[in-house]
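Reviewing the structure listed below.
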Amino acid sequence: MTRLVLVGPPGAGKGTQATALSQKLDVPHISTGDLFRAHVAERTPLGEEAKRYLDSGELVPDTVTNEMVRERLAEDDTKGGFLLDGFPRNTKQAEVLGQLLAESGQGLDAVIQLEVPEDVVVARLLSRGRTDDTEEVIRRRQQVYLSETAPLLDYYSDILVKVDGVGEVDEVSDRVLAALRGRQ
Ligand code: AMP
């Protein structure tokens, strides 16, 4: 059970949980947000293109995002599994991911939904201090999550694992691991 996707609203703790879970499961943590931020920091052509989307809270166009993920999943360290954080972000990306995995006879094992109440989410975002964490951009990312990303919960209903995301990091990651074991 190692090909996993983590879904949840901005501020649900996806990045923190993905880091903890990738250690416990010994699979690489693939965060499209981190990949984009690295490109922006290094001023690569992809970074130059992605920057305005990150700065405004909009999604980077699918063609750019899907190609970046395709290249990342082609690397050897993903052979034993992976934990995707922040991808897919809409159903079109989910379809492309499904096709990509099917090409090598793979499929997703589970999609983990981190459930966190709105007030906790806002408090986490405001304490994080990322440059795209201004009130306006936070609000836009929440809207984009609801309209673009939340439909994935239906799309993946067959393999969806819902986990309460409130609590200490280890507490939540142990809950995720227990929920995954419970499905096997
Ligand atoms: P995150 O670190 O997951 O909060 O992502 C930060 C920003 O990166 C988002 O607001 C988007 O602009 C961009 N981004 C990350 N993942 C994706 C994706 N799968 N598709 C499009 N844009 C993305």
Compactness of the chain, expressed as Rg and Dmax over alpha-carbon positions, Å: 15.6, 44
For the stretch 22-117, convex hull of alpha carbons as volume per residue, Å³: 128
Amide H to amide H, which residues 5 or more places from Val7 or on other chains are under 5 Å from it, using H placed in the peptide plane? Ile112, Gln113, Leu114
Between Leu160 and residues 5 or more places away or on another chain, the pairs with built amide H atoms under 5 Å apart involve Val111
Output needed: percent of Cα pairs per 10 Å distance bin for the stretch 64-146, bins running from 0 to the one holding the longest distance. 13, 40, 28, 18, 1
Given a 1.4 Å probe and every protein chain left where it sits, what share in percent of the accessible area of the chain is carbon and sulfur? 49
Lysine pairs meeting the criterion (Cα under 29 Å, 8 or more apart or interchain), as found in the chain: 11
Most mobile listed residue (Arg130, Arg139, Arg43) in the chain, GNM with C-alpha springs under 10 Å: Arg130
If each part is reduced to its alpha-carbon centroid, the stretch 169-184 and the stretch 53-127 end up apart, in Å, by 20
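Quick check for me: using +1 on Lys/Arg Cβ and -1 on Asp/Glu Cβ, what's the dipole size of the stretch 60-184 about its Cα centre, in debye to the nearest 20? Don't skip to the answer; put the middle values down first.
Numbers: 15 positive and 25 negative charges, 25 e Å.
I would put it at about 120 debye.
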Once all Cα-Cα distances of the stretch 1-51 are split into 5 Å bins that start at 0, what whole-number percent is in each one? 5, 19, 23, 17, 17, 14, 4, 0
Solvent-accessible area per residue, Å², over the stretch 42-141 with all protein chains present [probe radius 1.4 Å]: 55
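The values are calculated or read from the model by the stated rules, or taken from the named source; none is laboratory data. Note that this is a predicted model, so its numbers are computed, not measured. Methodologically, a virtual Cβ is constructed for each residue, glycine included, from the backbone with ideal geometry; neighbour enumeration extends over all protein chains shown. Surface areas here come from the heavy atoms of the whole protein model, side chains and all, with no ligands, DNA or RNA. Shrake-Rupley method; radii C 1.70, N 1.55, O 1.52, S 1.80 Å.
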